[in-house]
Amino acid sequence: MLGGTVTNGGVNFPGLFHAWGRQVIAGIGWELVTRRVVEAGGTLPNFAGTAVPHWQHHVRVNSFLYAALCDEAVVDAGVDTLMHTMLARVVPDSEANGWLVTLCTKCGLTSRRTAILIDATGDANVTALAGFRSTLPIERSPRQLRPARASHLYGHRSSRRRDGRAQRVDWS
Ligand SMILES: Cc1cc2nc3c(=O)[nH]c(=O)nc-3n(C[C@H](O)[C@H](O)[C@H](O)COP(=O)(O)OP(=O)(O)OC[C@H]3O[C@@H](n4cnc5c(N)ncnc54)[C@H](O)[C@@H]3O)c2cc1C
């Protein structure tokens, strides 16, 4: 389903859109979050309060309703989606000066030609498959969420030392 970390990742309390009582982030994420509150008959937190901890400014959303609103936004924008699909291969398309993309769908492999690729995987999977280098920081925040659940979803294995440094990420 659409929604990424908010839906598939189970982090269904997006924030922070405000800082010191003033809205500093808007855009599609904010629009979807506020629409979700309207649709579900809820209320937004009081963003004016600067004395409360930051997590009290997060907006708890129902993941399934949020995913449905994402679907609606995508359909309204006239975008064709291909759900339950992952990338298998990305190679330069010399004929069309673009990219030839092989996709794994529920019904098997299929190919698409594209002029432009936008990598929204959150892990730069498309970038890596297209043959470009990506950098993974060696130093990680020791408070970073352990990626056990994300590993299950995204199919990578990372080993981590006791001091919080990532040693290796294996995307196979
Ligand atoms: C616990 C936690 C708390 C956070 N708190 C905040 C916060 O308070 N404020 C804030 O601004 N940010 C926060 N973040 C960060 C924020 O969630 C991310 O920066 C944001 O979700 C990234 O959005 P994205 O669309 O780039 O990627 P994602 O939300 O990761 O979406 C990527 C999507 O691509 C799909 N995908 C991945 N690989 C493939 C593939 N190979 N083929 C097909 N599909 C693929 C995934 O299933 C997913 O649906 C938090 C993150 C976590 C984990």
Take ALA88 and decide whether it is under 29 Å from LEU136 (Cα atoms) and surrounded by 13 or more Cβ atoms within 10 Å (Cβ to Cβ). yes
Would the stretch 67-78 turn up any residue that is within 30 Å of LEU109 (Cβ to Cβ), of a type in the set (Gly, Ala, Ser) and in a loop (DSSP other than H, G, I, E, B)? yes
Filtering the stretch 113-150 down to residues that are within 12 Å of the ligand (Cβ to nearest atom) and of a type in the set (Ser, Thr, Tyr), which residue is modelled with the lowest pLDDT? SER141
Tell me which of these GLY27 doesn't satisfy, since it passes every other one: (1) more than 12 Å from the ligand (Cβ to nearest atom); (2) over 30 Å from GLY131 (Cβ atoms). (1)
Considering the stretch 20-59 alone, what residues qualify as being farther than 22 Å from LEU69 by Cα, modelled with pLDDT under 90 and not in a loop (DSSP other than H, G, I, E, B)? HIS54, TRP55
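The values are calculated or read from the model by the stated rules, or taken from the named source; none is laboratory data. Computed from a prediction, not measured in an experiment: that's the story for all the values here. Note that each Cβ is placed from the backbone with ideal geometry, even for glycine, and that neighbours are counted across all protein chains shown.
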